[in-house]
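S.K.: Handing you this structure, nothing more for now.
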Amino acid sequence: MALVRTAMLLAALTALFGLAGYALGGQTGMILALLFAAGTNLFAWWGSDRAVLRAHDARLVTKASAPEFVGDVEAMARRAGMPVPAVYLIDTDQPNAFATGRSPENAAVAATTGLLRQLSREEVAGVMAHELAHIRNRDTLIMTVAATLAGAITMLANFALFFRGRDTAMGIVGVLATMILAPLAAGLVQMAISRTREYEADRGGAEICGQPLWLASALAKISGLAARIDMNSAERNPGSAHMFIVNPLHAHAHDKLFSTHPATENRIRALRDLAGEAGAGGEAAAAPPGRATRPSPVPRTRGRRGPWS
C-alpha cells in the first residue's frame with residue numbers, strides 16, 4: 001500500500017509539472033516542461049549520490065580506519081540480504097545519518113562523527129539499520145526523484161515572472177497561480193512522500209537489527225541533540241534535509257511548514273508498539289550486529305558509549 005501511495009504521489013508531482021508548463025506555454029510549454037523534468041531526473045539518477053556526499057564533505061571510511069563501525073554495517077547488510085553499501089563519515093557534532101544511491105548495488109550510508117560519539121553501539125546499529133532499510137526499499141531513488149521534481153517545479157514557477165502580462169495559455173491569472181500554488185503543492189507532495197517512507201524505514205530497520213527499541217532510543221537522543229547542535233553543511237544545503245533520519249535544520253530558522261519528517265514522538269511510539277508485538281518488552285536487547293549473526297538476549301546497556309567514542 002505504501003508503494004502504491006508513493007507511486008501516486010510521484011505521478012501527481014509529474015502531472016503538476018506538466019500543468020505548470022501548460023499554464024505558462026500551452027501544449028508546447030507542457031511538453032518542454034516534461035522533457036526538462038526527464039532531463040533533471042536523469043542527472044539525479046546518475047549523480048545525486050556523489051553530489052550530496054560532496055555537499056556534506058563526507059569522507060569514505062573502511063575497516064582499516066573504522067573497523068567496528070564498518071564491520072557492523074557489513075554484518076547488518078548481510079542480515080538484510082543486500083549488498084554492502086559504501087560507508088562515509090561526516091565531521092560534525094550533530095548526531096545524524098542518511099543514505100543515498102540509485103539502487104542497492106550503488107548505494108552509500110553516511111553517519112556523523114557526533115552520532116558515533118554520543119550514541120551507544122546498539123543505538124548506532126538501529127540508525128544504520130534504518131538507513132539500510134531505505135536502500136533496500138529504494139527510497140533513496142524515490143526521494144531523489146521527488147526532490148528533483150519539486151525543485152524543478154519551483155524553478156518553473158520562478159520563470160513565471162518572465163511571463164507576466166504576456167499572452168499565456170491561462171492568462172495572467174494562470175501565471176500568478178503557477179507562481180504561488182505550484183511550489184506549495186510540490187512541497188506538500190514531497191513532504192507526504194518522505195513521511196510515508198520514514199515510517200516504512202523505521203519498521204524495516206527494526207526488522208534488520210532485530211530490536212525496535214534500539215532505534216526508538218536513538219531517535220529520542222538524536223532529536224534532542226539535533227535541536228541544539230548546528231550542522232552547517234545541512235544549513236547550506238537545506239534541499240538534502242529530507243534524507244537525514246532526523247531533520248538537521250534549525251540554526252537559521254528555516255520554515256518548518258513543509259517538514260519532511262514525521263513527529264519523532266509518533267515514530268518512537270510506533271517502534272515501541274512494534275517491540276511489544278514482537279515480545280521485546282524493552283528490558284533486553286540483542287547483541288551488537290558485529291558479534292552475532294542473529295539477535296540474542298543480553299543485559300541492556302544503560303548509557304554506555306559506543307566503541308567509536
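Every read-out reported here was derived from the displayed coordinates using simple, explicitly stated rules and does not represent laboratory data. Nothing here was measured: the structure is a model prediction, and the numbers come from that model. No Cβ is skipped: glycine too gets one built from the backbone with ideal geometry, and neighbour counts run over all protein chains shown.
S.K.: Taking 0.36 nm per intervening residue step and subtracting the Cα-Cα distance, what contour gain separates Q27 from T113 on full extension?
M.R.: Contour length minus the Cα-Cα distance gives 25.9 nm.
S.K.: What nm value, rounded to one decimal, do you get for the distance between F36 and A15 when each label is placed 7 Å out toward the C-beta?
M.R.: In this crude label model, F36 to A15 measures out at 2.1 nm.
S.K.: Bin by bin, in steps of 5 Å, what percent of the Cα pairs in segment 10-110 do you find, going until the bin that has the longest distance?
M.R.: For segment 10-110, the pair-distance distribution reads 2, 11, 16, 16, 13, 10, 9, 9, 7, 4, 2, 0.
S.K.: Can you tell me the length gained on complete extension of the stretch A278 to E235, counting 0.36 nm per residue apart and subtracting the Cα distance?
M.R.: Length gained, A278 through E235: 11.6 nm.
S.K.: Quick one: what are the phi-derived ³J(HN,Hα) couplings along segment 230-236, Karplus 6.51/-1.76/1.60 with θ = phi - 60°, whole Hz, x for glycine and proline?
M.R.: 3J(HN,Hα) across segment 230-236, in whole Hz: 5, 10, 4, 5, 6, 5, 6.
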